[in-house]
Amino acid sequence: MPETKTTLLTAIPLAKFEAKSGSHVLSFFTREQGQIRAIVRTARGKKKPSVPLLPLFSTYEILFVQPRQADGLYELKERETVTGRPKLNSGTPLEPWAAASVLSELLLRTTEKEDPHPYLFSMLDKALDCMESGDSPGILLTAFLVKFLEHMGYRPRWESPEANLSERKYWWFDPALGGLFTQKEIGRVVEEEERPSLRKPTRTSSEEIAIIHRFRLSKFEEIEGNEVEVATAKKWVPLLGDYVEYHLETRLKSLDFWKEIQPKRK
């Protein structure tokens, strides 16, 4: 009989998938091994548990039984909660839950199984902490997306060879073209070739770009979250979502829901 091997991992559940009766499959993002899939067996019986066996968005230390085959599933053996996040788990309020869902889907769709990203794990863990604490979900989403894109090698173009940011008042951001452009540059690209785009280029300002740079360079818990930053973030979350969709070929369905629940401008 093959020897059973176990491994202790720090893990955050990203998504739950239905499996055969008496069990389900969870996708975890782990500090040590990146994304893994594990089967979680629930107690047998007709009555279903009133609360989830392993809520999403919390951080755990989990002892997994390793799969016996290369394409097999891990199996959860023992777990201990490191950081519980009851507000996010319950979806109250709704916007932080929606933002946490975007982060989970992003990592689920853009990272490979068994490919460790300890920096992304730390980012996710801290971003979820801040959402649980009541910090602006829009700001945290924007900051996470900017940091994520840079880490994964898809950094948007935040500068132009034609002019310094401080010398201009307005710019244009085009997700498909890869970032910031002057009006002159946009026009030249259109003349040279058909410009692919998810939407028309969006006008932005040097002040907005300065805010984005602060998000990029600051720790999540250090971002102020004033009214101007919140408004800037709500504008930029969809733009960065379009950037992810075009360059990583990944449409985030949870981002559509996040946009739907945003208050309409009067």
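At-a-glance table
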| read-out | value |
| --- | --- |
| Selection count, the range 215-240, where residues are surrounded by fewer than 16 Cβ atoms within 10 Å (Cβ to Cβ), farther than 26 Å from T111 by Cα and among the hydroxyl-bearing types (S, T, Y) | 0 |
| Pairs with Cβ under 8 Å, 6+ apart, first in the range 195-208 and at pLDDT 85 or above, second in a loop (DSSP other than H, G, I, E, B) and exposed (fewer than 14 other Cβ atoms within 10 Å of the Cβ) | S205/K169; S206/K169 |
| Unique match (being under 16 Å from E105 (Cα atoms) and touching a Lys or Arg at 6+ places or on another chain (Cβ under 7 Å)) among E249, E245 | E245 |
| Qualifying residues in the range 158-185 (those that are among the charged types (D, E, K, R) and either open to solvent by 10 Å² or more (accessible area, probe 1.4 Å) or farther than 15 Å from K235 by Cβ (or both)) - the one modelled with the lowest pLDDT | E162 |
| Number of positions in the range 81-111 that are at pLDDT below 95 and under 24 Å from T7 (Cα atoms) | 0 |
| Helices (runs of 4 or more DSSP H) fully within the range 73-152 counting 1 or more residues that are out of contact with any helix residue (DSSP H, G or I) (no Cβ under 9 Å at 6 or more places or on another chain) and open to solvent by 30 Å² or more (accessible area, probe 1.4 Å) | 94-110, 118-133 |
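Residues checked against (1) under 21 Å from E207 (Cα atoms); (2) open to solvent by less than 70 Å² (accessible area, probe 1.4 Å); (3) among the aromatic types (F, W, Y):
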{"site": "D242", "(1), (2), (3)": "no, yes, no"}
{"site": "Y246", "(1), (2), (3)": "no, no, yes"}
{"site": "R251", "(1), (2), (3)": "no, no, no"}
{"site": "Q262", "(1), (2), (3)": "no, yes, no"}
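The values are calculated or read from the model by the stated rules, or taken from the named source; none is laboratory data. Because the structure is predicted, anything quoted here is derived from the model rather than measured. Glycine also receives a Cβ, built like all others from the backbone with ideal geometry; neighbour counts cover every protein chain displayed. Just the protein is used for accessible areas: all its heavy atoms, side chains included, with ligands, DNA and RNA removed. Shrake-Rupley method; radii C 1.70, N 1.55, O 1.52, S 1.80 Å.
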